[in-house]
Amino acid sequence: MVAALGAGAIRELAARVGIVPTKKLGQNFVIDPNTVRYIVEQSRVNPDSHVVEIGPGLGSLTLRLLEVVSHVTAVEIDGRLSDQLPVTVRENCPEFLGKLTVINRDALEIHAGEINPAPSDLIANLPYNVAVPVLLHFLAEIPELTGVLVMVQKEVADRLCAGPGSRVYGIPSVKIQWFGKAEAAGNIGKNVFWPAPNVDSGLVRVHVTHPYLHLENQRGWIFQVVDAAFAHRRKTLRAGMADFVGTANAAERALINAGIDPGARAETLGLDAFVRLAASISEQRN
Ligand code: SAM
């Protein structure tokens, strides 16, 4: 078994490459080997898995993944970290170096086909400031992904997993339904990180089924309708969607046409209802 990177090793590596962790890049590194083991266990990866890891940082999760899976493609925005990662692998487990590909890029700029062959799994301790956009971007760009396990802020984990009617149900809760179903996979405390963040974290597993793949060319439009509906989450949809649709009366007609009560609020609707609403607004515009 490869020795895990603990608190001392992580700090020493950071000093070696001149990293002072920044909030801007969500740089909170996992320093607890038990947490790393837990994440990999929960990810259910196997020796056939090709994992894309976003934000490998100093490599704590990467080293453990390399032990278990067939290949890891790591996408890291910080050039000092992406340069160091193969060096860390060579120093700790040179036998796995051939299983690692490192891409020094913003994960939001990675497009379909750039990671070849397509990865089967996305496993990451996501940078918190861009966690939801990065997750949705990868699900959209790489439909081959079947296993997804990510660590995000607890509040974001709760949002991703919430169902209609819940107090925390919002835009991420609706958009994730485009790709499948999100499920909570454990809570993680602050002290397993260096530096410790201000908030707790949560693991989220996405059961990817692509239930709306047949409507893929309309995803952008449907997501615009979702954004507009939640822009005024305390208003009724009739009032909240008035500007977006044109007038309150036009919004009411579109809602009724879609089988939605105009007096309802966005937080009570599942993605199916937004799909119908988007179609109804388009129909009205044509
Ligand atoms: N995986 C490591 C761990 O668990 O210790 C580090 C996780 S840390 C929360 C997030 C990592 O994502 C940092 O290494 C940061 O530099 C990187 N990062 C931030 N924004 C990014 C982006 N847009 N694309 C790719 N990597 C990014």
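Worth a mention:
- When the residues of the stretch 68-100 are filtered to those that are under 10 Å from residue 54 (Cα atoms) and in a loop (DSSP other than H, G, I, E, B), the one that is least open to solvent (accessible area, probe 1.4 Å) is 76.
- Scope the stretch 154-170; condition over 19 Å from residue 29 (Cα atoms), within 13 Å of the chain's Cα centre (by Cα) and either at pLDDT below 95 or aliphatic (A, V, I, L, M) (or both); matching residues: 160
- Total residues in the stretch 101-153, condition of a type in the set (Asp, Glu), at pLDDT below 95 and part of a helix (DSSP H, G or I): 0
For (1) within 11 Å of the ligand (Cβ to nearest atom); (2) modelled with pLDDT under 95; (3) closer than 19 Å to residue 116 by Cα, each residue gets a yes or a no:
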{"position": "14", "(1), (2), (3)": "yes, no, no"}
{"position": "33", "(1), (2), (3)": "no, no, no"}
{"position": "38", "(1), (2), (3)": "no, no, no"}
{"position": "54", "(1), (2), (3)": "yes, no, yes"}
{"position": "84", "(1), (2), (3)": "yes, no, no"}
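- For the stretch 240-274, taking the residues that are under 15 Å from residue 224 (Cβ atoms) and open to solvent by 30 Å² or more (accessible area, probe 1.4 Å), the one that is nearest to the chain's Cα centre (by Cα) is identified as 244.
- Counting residues in the stretch 175-196 that are under 19 Å from residue 134 (Cβ atoms), in a helix (DSSP H, G or I) and under 13 Å from the mean Cα position of the chain (by Cα) gives one or more.
- Qualifying positions in the stretch 175-204 - among the β-branched types (Val, Ile, Thr) and open to solvent by 20 Å² or more (accessible area, probe 1.4 Å): 192, 199
- Unmet requirement for residue 118, which otherwise passes all of (1) small (Gly, Ala, Ser); (2) over 21 Å from residue 30 (Cα atoms); (3) within 11 Å of the ligand (Cβ to nearest atom): (3)
- Residue 90 vs. criteria of a type in the set (Lys, Arg), in contact with a helix residue (DSSP H, G or I) (Cβ under 6 Å, 6 or more places away or on another chain) and without any contact (Cβ under 8 Å) to a residue 40 or more places away in the chain: yes
- Taken residue by residue, the stretch 194-205 has at least one member that is over 25 Å from residue 144 (Cα atoms), assigned by TED's automatic domain parsing to the domain that holds residue 150, in contact with a helix residue (DSSP H, G or I) (Cβ under 8 Å, 6 or more places away or on another chain) and of a type in the set (D, E, K, R).
- Contacts under 7 angstrom Cβ, first residue in the stretch 54-69 being under 20 Å from residue 135 (Cβ atoms), partner of a type in the set (S, T, N, Q) and crowded, with 24+ Cβ neighbours inside 10 Å, 6 or more apart: 55/125; 56/62; 61/125
- Taken over the stretch 121-176, the residue count meeting the criterion of being hydroxyl-bearing (Ser, Thr, Tyr) and within 12 Å of the ligand (Cβ to nearest atom) is 1.
- Only one entry in 3, 9 is part of a loop (DSSP other than H, G, I, E, B) and open to solvent by 10 Å² or more (accessible area, probe 1.4 Å), namely 3.
The values are calculated or read from the model by the stated rules, or taken from the named source; none is laboratory data. The structure displayed is predicted, hence computed values, not measured ones. Neighbour counts run over all protein chains shown; Cβ positions are idealised from the backbone, glycine included. In case anyone asks, the SASA skips ligands and DNA or RNA and just uses the protein heavy atoms, side chains included. Shrake-Rupley method; radii C 1.70, N 1.55, O 1.52, S 1.80 Å.
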